[in-house]
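Enquirer: First the structure, which I've put down as structure tokens, then a few questions once you've had a look.
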Amino acid sequence: MSVTSPQILTKRVAAVGHFVDGAYVSGKGDTFEKVNPATGELVKLVASATKEEVDQAVQSARRALSGPWSKMSVQERVGVLRRIAEEITKREAAFLRAEILDTGKPVTLASHLDIPRGAANFNVFADLIYGVPTEAFEMPTPDGDGAINYALRRPRGVIAIVSPWNLPLLLTTWKIAPALACGNTVVVKPSEETPSTATLLGEVMNAAGVPPGVFNVVNGFGPDSAGEYLTTHPDVDGITFTGETKTGEVIARAAANGVRPVSLELGGKNSAIICKDADLEKAADGIARAVYMNSGQVCLGTERVFVAREIFDDFAERLVARGKALTVGDPFDKATSLGPLISDEHRRKVLKYYKTAADDGAQILLGGGVPEVEKSFANGFWVEPTIWTGLSDHSSVLHEEIFGPCCHLAPFDDVEDAVARANDTPYGLAASLWSKDVSTALKNAARLEAGIVWVNSWFLRDLRTPFGGSKRSGIGREGGVHGLEFYSELKNICVKL
Ligand code: NAD
């Protein structure tokens, strides 16, 4: 992406600004180009927030902390959250178009996953905050009268939200909803690759009656740009981040200044274990989703699959067949099932791993290159769905996160050995295990070093459950009451009777 003068703005290209203090602003800094990943065409010029503009957003969020928002009862906030969900749903077509133009993801995926989950996130946290109990303890005192302790949840203050590009609306609202449910105010910095749906939320917030300043969006890049200005801003009270592990380390250092709480949802190198007694059709369907969905650009996606030797060939054939059945093409066409990657830069990274796999002696069962596409999509960032086998456990392809529609299949003879190999990674986000035997499944699910383990499924989500990674995949858990731990502070009040 290159930085462009605002003067070249044409009617054909949309402009994306910031949303501060309840109003859209076009931005005083440079703009940068956002291209459609499916065609490579320029579709938007996006404002890159200056340090002063980020400061204005943070100050507007701080002022809003003592405005009408702070005086709303929980019941009133719940009403606001439900209206936000309704207003997103009313604008489904606009959100879909914006998300597809930014990401290139197929309309069938965005309409089933991204946009409905964007709305659902607000309803889930509305339910939760309405029903969440507090704790109370009676205690004895020397005079015999006793005391009672009770805890109140209080908002932390101004929350900085920094989000990635792979599931833009879904992951950003997954943070905005609990933050608002707890009474905080927020400044959101969406990924530079996907500025549109977070920015569209400004209109939603106004329509839902969110007071000005409670929700703000600043666009721009990470280092030396809006992301850094926001996370290092001294008036931010907490930082929630989803993205790469390396960026998470930088954000954690920024959070250390001023001892601010930080929540980190980071990268993964997720595994799956297919036992010899697994239902092969269901396992192949599940792993095909885990590998190919969103072109493999899912933090929970599976890049390492361990398959019992007895069923290896059968399973590999089924997974390859599902990959061959994918259709590339216009993301707005319901027949398209595989979109492009997010950017040319990301495609270069994924293709570098395709080359490394070949150089390291992988047997390529499917793909390995760039697909043929119609002329109008020839400049998009496409890669073929790709399946390898035969790599040694030392290949970098098996240790580094690729984030493409690819995986490696390795045979195993003993489930415990497969678990040990699955755990041989610095990451610990997600894993799946496929077996009809309850004892094998439960024993080994407990041994897998990951924050989330699915048995006989993948990406089956109940939003009340803890979500997050162990090891270098993150710190903290989102979802359900676990999210509230980050977005609120418990204050104990001790009353002497
Ligand atoms: P990224 O780390 O490059 O960027 C994420 C966000 O951080 C962007 O908004 C970016 O502008 C900002 N940023 C970058 N450098 C910054 C800095 N120095 N200071 C402040 N902000 C900065 O990640 P990405 O490429 O957008 O997303 C892909 C990654 O996200 C993958 O590693 C994936 O596994 C991970 N991810 C994790 C989860 C999870 O729940 N664990 C979910 C989705 C994606």
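The values are calculated or read from the model by the stated rules, or taken from the named source; none is laboratory data. Just so it is clear, the structure is predicted and the values come from calculations on it, not from any experiment. Glycine also receives a Cβ, built like all others from the backbone with ideal geometry; neighbour counts cover every protein chain displayed. Side chains included, ligands, DNA and RNA excluded: accessible areas come from the protein's heavy atoms. Shrake-Rupley method; radii C 1.70, N 1.55, O 1.52, S 1.80 Å.
Enquirer: Suppose we look only past 33 Å in the calculated P(r) of the chain. What percent of the Cα-Cα pairs does that tail hold?
Expert: Of all Cα-Cα distances in the chain, 40 percent exceed 33 Å.
Enquirer: May I pose another question? Could you compute the FRET efficiency for ASP285 and LEU42, with r as their C-beta to C-beta distance and R0 at 41 Å, rounded to 0.05?
Expert: That pair, ASP285 with LEU42, gives E of 0.60.
Enquirer: Under a crude label model (7 Å from the Cα following the beta-carbon direction), how far is VAL259 from VAL481 in nanometres?
Expert: In this crude label model, VAL259 to VAL481 measures out at 2.7 nm.
Enquirer: Moving on. Pull up the cross-link candidates among the lysines for LYS276, meaning alpha carbon to alpha carbon under 22 Å and not fewer than 8 places away within one chain.
Expert: LYS436, LYS443
Enquirer: Looking only at the stretch 366-497, where both bridge partners belong to it, what percent of the DSSP beta bridges are antiparallel (to the nearest 5)?
Expert: Around 35 percent antiparallel, to the nearest 5.
Enquirer: Sticking with this structure for a sec: With every protein chain present, what is the per residue accessible area of the stretch 270-461 (1.4 Å probe, Å²)?
Expert: Solvent-accessible surface per residue comes out at 42 Å².
Enquirer: Modelling each spin label as a point 7 Å along the Cα-to-Cβ direction, I'd like the VAL74/GLU244 distance in nm, to one decimal.
Expert: 4.1
Enquirer: Each residue of the stretch 203-218 in order: what ³J(HN,Hα) in whole Hz does its phi give by Karplus 6.51 cos²θ - 1.76 cosθ + 1.60, θ = phi - 60°, with x for Gly and Pro?
Expert: Couplings: 4, 4, 4, 4, 5, 8, x, 6, x, x, x, 6, 10, 9, 10, 10 Hz.
Enquirer: If you don't mind, another one. Grab the beta carbon distance between LYS334 and GLU135, set R0 = 45 Å, and tell me the FRET efficiency rounded to 0.05.
Expert: E between LYS334 and GLU135, to the nearest 0.05, is 0.35.
Enquirer: Restricting to the chain, compute how many DSSP beta bridges are antiparallel as a %, nearest 5.
Expert: Looking only at bridges with both residues in the chain, the antiparallel portion is about 45 percent.
Enquirer: Carbon and sulfur atoms: what percent of the 1.4 Å accessible area of the chain do they account for?
Expert: 54
Enquirer: Under 22 Å Cα to Cα from LYS189, which lysines show up? Leave out anything in the same chain fewer than 8 places away.
Expert: Partners within reach: LYS28, LYS34, LYS44, LYS51, LYS105, LYS175, LYS246.
Enquirer: What is the log10 of I(q)/I(0) for the stretch 170-310, computed with the Debye formula using one identical point scatterer on each Cα and no solvent, at q = 0.16 Å⁻¹?
Expert: -0.91
Enquirer: Return the Rg/Rh value of the stretch 270-461, two decimal places, where both radii are evaluated on C-alpha atoms and Rh is the Kirkwood radius.
Expert: Across the stretch 270-461, the Cα-based Rg/Rh ratio is 0.96.
Enquirer: Let me ask something else about it. Find the centroid of the Cα atoms in the stretch 336-378 and in the stretch 135-184, then give the distance between the two in whole Å.
Expert: If we compute the Cα centre of each part, the gap is 43 Å.
Enquirer: With the other protein chains left in place, how much accessible area per residue, in square angstrom, belongs to the stretch 47-129 at a 1.4 angstrom probe?
Expert: On a per-residue basis, the stretch 47-129 sits at 40 Å².
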